[in-house]
Amino acid sequence: MASYWNADQAAAFTQFLLGKTQQYGVLFYDAELRITGWNEGAHFITGWTAGEMLGQSTSVLFAPEDRENRLHEHEANMVRVIGISEDERWHMRKDGSRFWSSGVSMALTTKDGQPTVFAKIFRDATHLRARMKYLENVQHEANVQAHEKNVFIGTIAHEMRNPLSPLKTATELLRRQLGNDQRCVHPLKIMDRQIGFLERLIEDLVDLTRVRIGKMSIGYETVVLQDLLFEALHGCDSAAEAKGLAMHHVMPPVPIQVEADPGRLLQVMLNLLNNAIKYTPAGGNIWLTATVDQTHFICYVKDDGQGISPELLPRIFDIFTQANDGHAARGDGLGIGLSVVKEIVSLHQGTVEVRSEGVNRGSEFLVRIPQRRPHGSEPEPLPSPGLRVQ
């Protein structure tokens, strides 16, 4: 649609832009880049009066480094060739200070398209530049902190592995020497359980770092879903038994073959089951069920335990969420396991959801993963050098 204005409107706008506003500077210049017009806004922004600027080169406005690169000529050439030039850069004031100029230059032409004069409209956007620079600094600081956090987590995981091997060896030696002593059976079970907890914690820390630096990959194999889920249940038997929890399961009666990373999928189910065990009081119940649809297999881990507060529910898969939410029912631990679950499921191009009606009303986690390896699934790229993850 063509624009329209009458002569009075055009005159009023011209008077406003050239004589009454101080927010926008307007200058005119000729083909030799000599300033031929200068409004009150340009005076207000730069400090130079019209008498001081008429006949001067437009280069006066440009910062010394830009003047050296002849960017004032480049700006005019852009207008000649394209018809308009938009730019943001430092410009100079009369007192030698700088301001961040946001402007546009254009050619005013005759009816046959020949340029008669060039015009530049600009404004002082230093406050926006300062805000942008502040946000850039905040982003840079956040990136540095994220990198330092990844290095810290990777280092802690590595250092925690060192004493774990001697502990396992010592526990095995005690079992061989005192295995027939009934007084040692229960303490040895406790030691095994706690060592297993430390192993899972270390692996979660390592995997979390791998995901963040792009090193974790998925190795697809064809596995029977029920076999893998029963293996996960078996891995949690001792922990559930120690708290007197009842473990229930419902599986499809026919073996279901799926394509997934068996080790990673087992890790997902162990984390969800151990999470349910941790937050279900003694004598409670945990259910593991599974089903399939036309394209995906779905696993449910449900408990009648502490539940999840509405405030925590949207952030339950974020790392360290639990550690930062001391008022929530799930306020203990580092909150690493569920974050790892989300990342592994995402690498399978699946989804994980959580449901809870509130504190002390139990919770349910739902994992949904394609039955077949998605087209285009490739191992994740290796990380950039400088971060050690073992």
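What to note about this one:
- Listed options for P(r) over Cα pairs in 10 Å bins from 0, in percent are [x] 5, 22, 31, 28, 13, 1; [y] 5, 21, 28, 22, 14, 8, 2, 0; [z] 4, 16, 19, 14, 8, 10, 13, 10, 4, 1, 0. The value calculated from this structure is the one marked [z].
- FRET efficiency, Arg183 to Phe230 (Cβ-Cβ, R0 45 Å, nearest 0.05): 0.85
- Relative contact order (percent, whole number), the chain, Cα cutoff 8 Å, 6+ residue spacing: 11 percent
- Under a Gaussian network description of the chain, with springs only between Cα atoms under 10 Å, the residue in Leu198, Leu266, Leu71 that fluctuates furthest is Leu71.
- Extension gain from Thr49 to Gln371, taking 0.36 nm per residue of separation minus the Cα-Cα distance: 108.5 nm
- Of Leu61, Leu167, Leu245, the one that fluctuates the most in a GNM where the chain has Cα springs shorter than 10 Å: Leu61
- Cα gyration tensor shape of the range 186-257, rounded if a/c is under 1.5, else prolate or oblate by comparing a/b with b/c: oblate
- Additional length obtainable on full extension of the chain from Ser57 to Ser238, 0.36 nm per residue less Cα span: 56.7 nm
- Pairwise centroid distance, computed over Cα atoms, of the range 120-137 with the range 43-112, Å: 17 Å
- On the chain, 54 percent of the accessible area sits on carbon and sulfur atoms, based on a 1.4 Å probe.
- Cα shape, the range 213-320, gyration tensor, a/c 1.5 rule: oblate
- Inter-site label distance for Arg355 and Glu136 at 7 Å from Cα along Cβ, in nm: 4.9 nm
- For the chain, the solvent-accessible area with a 1.4 angstrom probe is 56 square angstrom per residue.
- The stretch between Val250 and Arg161 holds 28.4 nm of extra length on full extension. This uses 0.36 nm per residue minus the Cα-Cα distance.
- Sequence-separation-based contact order of the range 54-101, relative, with Cα cut under 8 Å and 6+ spacing, percent: 32 percent
- Amide H contacts of Val117 (H built 1.01 Å from N, in plane; Pro and chain starts excluded): Leu108 sit under 5 Å, all sequence-distant by 5 or more or on other chains.
- The distance between label points at Asp192 and Phe152 comes to 3.6 nm (points 7 Å beyond Cα on the Cα→Cβ vector).
The values are calculated or read from the model by the stated rules, or taken from the named source; none is laboratory data. Computed from a predicted model, the values in this text were never measured in an experiment. FYI the Cβ positions are ideal-geometry reconstructions off the backbone, even for glycines, and counts take in every protein chain you see. Side chains included, ligands, DNA and RNA excluded: accessible areas come from the protein's heavy atoms. Shrake-Rupley method; radii C 1.70, N 1.55, O 1.52, S 1.80 Å.
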